[in-house]
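The values are calculated or read from the model by the stated rules, or taken from the named source; none is laboratory data. Since we're looking at a predicted model, the values are computed, not measured. Positions of Cβ are generated from backbone atoms using ideal geometry, with glycine treated the same way; all protein chains shown enter the neighbour counts.
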Amino acid sequence: MGDLTDDRRPPISGETRLAAVIGAPVRHSLSPTLLNAAFVEAGLDWHFMALEVAEGQSGEALDAVRALGLAGLSVTMPHKAAVAAAVDHRTEQAEVLDAVNCVVVEGDRLVGHNTDGDGFLDGLRHDSDFDPTGRNTVVLGAGGAARAVVLALARAGAAEVAVVNRTASRAEVAAGLAGPVGRVVGFDELFDTVAAADLVVNATSVGMIEDGALPVDPESVAVGTVAVDLIYHPP
């Protein structure tokens with residue numbers, strides 16, 4: 001894609017299509033940098049922004065998409081479930097996960113998609129050459145991104161998808177997406193479960209605040225285990 005800092009974008013005009021990512025917090029997002037570079041490479045007169053939208057105001061954000069004629073939205077925490085409930089239509093993946101990370105404007109409809117799981121698997125295979133088939137995996141968290149990862153790992157043939165979350169009921173919902181290979185792990189089992197894992201995924205909010213916290217004891221992660229952090233600024 002070339003140098004992402006090479007700003008060759010045309011000036012924004014009345015013809016420029018606008019899209020955005022909404023979240024809270026969202027100012028750390030790399031999406032504007034990545035997508036604006038992609039728009040330049042594709043020769044598109046589009047511009048992508050990061051918009052801070054407070055929790056509970058995702059409905060107003062969708063109203064703004066219609067009112068302002070935005071081309072679409074990316075959606076990150078804490079809005080994925082609320083947006084899933086508010087769009088006009090959901091794809092099969094978004095329906096199963098009850099979470100939306102991308103809103104596409106199709107005529108007068110707002111269509112909710114969820115590409116988190118497929119994107120995660122693509123990155124895992126491309127960056128780590130890791131195939132989940134037959135492997136033991138651990139997912140920390142049970143929010144929208146975590147559920148997408150759980151479902152993707154199960155559909156990719158993982159032998160086990162262990163889910164850890166502070167709220168047991170949320171962990172049970174997430175683990176249920178993995179069917180017979182999913183199970184809920186309590187914190188008393190966490191060390192041993194991580195030690196036996198081939199893949200550990202942090203899908204919690206740990207790392208969003210630079211307080212030095214870690215989602216697991218580093219001593220529990222075996223040599224050769226692949227660790228993936230879904231947070232942009234991990235501790």
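In this structure, is G117 buried (at least 20 other Cβ atoms within 10 Å of the Cβ) and in a strand (DSSP E or B)?
Considered against the rule, which asks whether it is buried (at least 20 other Cβ atoms within 10 Å of the Cβ) and in a strand (DSSP E or B), G117 comes out as no.
Would region 48-66 turn up any residue that is farther than 24 Å from L230 by Cβ, modelled with pLDDT of 95 or more and of a type in the set (F, W, Y)?
no
Quick check on region 7-26: of everything there that is over 13 Å from L73 (Cβ atoms) and within 16 Å of the chain's Cα centre (by Cα), which residue is surrounded by the most Cβ atoms within 10 Å (Cβ to Cβ)?
A24
Among the listed residues A61, A156, which satisfies the condition of being among the aliphatic types (A, V, I, L, M), surrounded by fewer than 23 Cβ atoms within 10 Å (Cβ to Cβ) and touching a His at 6+ places or on another chain (Cβ under 9 Å)?
A61
State whether the residues of region 51-70 include one that is free of Cβ contacts under 8 Å to residues at least 60 places away in the same chain, closer than 30 Å to L190 by Cβ, among the charged types (D, E, K, R) and assigned to a loop (DSSP other than H, G, I, E, B).
yes
What's the number of the only condition in (1) closer than 18 Å to M77 by Cβ; (2) in contact with a Leu (Cβ under 8 Å, 6 or more places away or on another chain) that L51 fails to meet?
(2)
Within the group R135, R90, R147, which residue is surrounded by 18 or more Cβ atoms within 10 Å (Cβ to Cβ), in contact with a helix residue (DSSP H, G or I) (Cβ under 7 Å, 6 or more places away or on another chain) and assigned by TED's automatic domain parsing to the domain that holds L214?
Going through R135, R90, R147 in turn, just one is surrounded by 18 or more Cβ atoms within 10 Å (Cβ to Cβ), in contact with a helix residue (DSSP H, G or I) (Cβ under 7 Å, 6 or more places away or on another chain) and assigned by TED's automatic domain parsing to the domain that holds L214: R147.
Provide a single number: the residues in region 179-201 that are crowded, with 16+ Cβ neighbours inside 10 Å and part of a loop (DSSP other than H, G, I, E, B).
Residues flagged as crowded, with 16+ Cβ neighbours inside 10 Å and part of a loop (DSSP other than H, G, I, E, B) within region 179-201 amount to 3.
Being outside any loop (DSSP other than H, G, I, E, B) and at negative phi is the requirement here; does D122 meet it?
Judged against the criteria, D122 is a match.
Go through region 155-177 and give me each residue that's in contact with a helix residue (DSSP H, G or I) (Cβ under 8 Å, 6 or more places away or on another chain), of a type outside the set (D, E, K, R) and over 16 Å from A203 (Cα atoms).
Once the filter is applied, which keeps residues that are in contact with a helix residue (DSSP H, G or I) (Cβ under 8 Å, 6 or more places away or on another chain), of a type outside the set (D, E, K, R) and over 16 Å from A203 (Cα atoms), region 155-177 yields A156, A158, A159.
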